[in-house]
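Visitor: Mind having a look at this structure? Questions to follow.
Bear in mind that the values in this text are calculations on the coordinates, not laboratory data. These numbers come from a predicted model, not from an experiment. Every residue, glycine as well, gets a Cβ built from its backbone with ideal geometry; the counts of neighbours run over all protein chains shown.
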Amino acid sequence: MNEKMYYEKNVICPICNGSFSLLKIRKSALRVVKTDDDFCNYYSHVNPIYYYVSICPHCYYAAPEIIFDKISYLEKKRLKPALQAFKSSIDFWGERSFEVAIVSLKLGIYCCEVRRTPKSIIAGLCIRLAWLYRMNEAQEQEHYFLGQALCFYEEAFSSESFPIGGLSRAGVMYLIGELYRRMGELSIALMWISRAVEDPSIKSQPFINKKAREQWSNIREAIKRSSDSLSI
Ligand SMILES: [Zn+2]
């Protein structure tokens, strides 16, 4: 283990009460080199998405660290039988490769769906999967999980309180619009981003405000170009 990059944290599993160590990345090791318009960060060394999902080595309970311990009696009751038959030869507890990170996110989605967590949690897992596939130039899988993230963010938008995944109401509207843009649905993307630009909460977020205005004019241009080419 590279001690400048990682450290270990002892954890007790809330499902089976087994104890284990999680590999954690030191904040000082994170270097963002680029960010895409849907907030996908690229890192020069280690990628924190690889370690976003914590997994118990005894029962394979998996969840983002922020909700790993926050599990109700009813959620435990739903999860226990669903995990009973699960076995894997994958080592989730050392330094994770791209392939192991992908499986960890999928296991996280499975457990969150069984638990019936808020949709925003599942949206956050799906968008991270899409980002990892993007970084690996796997376009078909990226597109599939962006579509999944979009569905879950839309459900979360209409049923959960803000902030959602660290984003305000205007921030979520911008992200939904940006995901529609990436799915090729330009008119719906423009509608969501217009709503973000007009939302009073955007004034207190200069970064989102700037991004939303830039994407609003980019999408308008793209729509104009496609209607011009149709009329030739
Ligand atoms: Zn466990």
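Visitor: Just checking the chain: which Cys have no other cysteine's beta-carbon under 4.7 Å?
Guide: That list is CYS40, CYS111, CYS112, CYS126, CYS151.
Visitor: Among CYS40, ALA82, ILE223, whose Cα sits farthest toward the positive end of the charge dipole of the chain (+1 at Cβ of Lys/Arg, -1 at Cβ of Asp/Glu, about the Cα centre)?
Guide: Projecting each Cα onto the dipole axis, the largest value belongs to ALA82.
Visitor: In Å and on Cα atoms, what radius of gyration and Dmax does the stretch 1-112 show?
Guide: Using the Cα atoms of the stretch 1-112, the pair Rg, Dmax is 14.8, 43 Å.
Visitor: Now a separate question. Could you work out the pair-distance distribution P(r) of the stretch 113-221 from its alpha-carbon pairs, with 10 angstrom bin width and percents rounded to whole numbers?
Guide: Final binned percentages: 16, 44, 35, 5, 0.
Visitor: Could you grab the Rg to Rh ratio for the stretch 173-232? Cα atoms only, Kirkwood for Rh. Working shown, then result.
Guide: Details: Rg = 12.1 Å, Rh = 11.6 Å.
For the stretch 173-232, the value is 1.04.
Visitor: Take peptides 66-76, 85-95, 181-191 and line them up by average Cβ neighbours within 10 Å, highest first, as a rough protection proxy.
Guide: Result, highest mean first: 181-191, 66-76, 85-95.
Visitor: Restricting to DSSP H runs of at least four residues, report the calculated mean residue ellipticity at 222 nm for the chain, -39500 (n - 2.57) per run over all residues, nearest 500 deg cm²/dmol. Don't skip to the end; give the middle numbers.
Guide: Details: 8 runs with 124 residues, N = 232.
Estimated from H runs of four or more residues: -17500 deg cm²/dmol.
Visitor: What is the angle, in °, between the Cα long axis of helix 206-231 and the longest principal axis of the Cα atoms in the chain? Nearest 10 is fine, range 0 to 90.
Guide: 60
Visitor: Towards the positive end of the charge dipole of the stretch 48-163, with charges on Cβ (+1 Lys, Arg; -1 Asp, Glu), say which of LEU107, PRO57, LEU125 has the farthest Cα.
Guide: So the residue furthest toward the plus end is PRO57.
Visitor: Which cross-chain or sequence-distant (5 or more) residues have an amide H under 5 Å from the amide H of SER54, H modelled 1.01 Å from N in plane?
Guide: ALA63, GLU65
Visitor: Please work out whether the stretch 80-128 counts as rounded, prolate or oblate from its C-alpha gyration tensor, where a ≥ b ≥ c are the square roots of the eigenvalues and a/c under 1.5 means rounded, while otherwise a/b larger than b/c means prolate and anything else oblate? Walk me through the numbers on the way to the answer.
Guide: Details: a/c = 3.09, a/b = 1.19, b/c = 2.60.
Taking the square roots of the gyration eigenvalues as a ≥ b ≥ c, the stretch 80-128 is oblate.
Visitor: Order the peptides 193-201, 25-33, 136-144, 54-62 from the highest to the lowest mean number of other Cβ atoms within 10 Å of their residues. Intermediate values should be presented prior to the final figure.
Guide: Values: 193-201: 18.0, 25-33: 11.7, 136-144: 13.2, 54-62: 21.0.
So the peptides 193-201, 25-33, 136-144, 54-62, ranked by packing, come out 54-62, 193-201, 136-144, 25-33.
Visitor: Cross-link partners among lysines for LYS203, C-alpha distance below 19 Å, same-chain residues fewer than 8 apart left out?
Guide: The qualifying lysines are LYS211.
Visitor: With the Cα gyration tensor of the chain in hand, give its eigenvalues times 5 under a square root as the equivalent ellipsoid semi-axes, listed largest first in whole angstrom.
Guide: Working: eigenvalues 243, 77, 58 Å².
So the equivalent ellipsoid measures 35, 20, 17 Å along its semi-axes.
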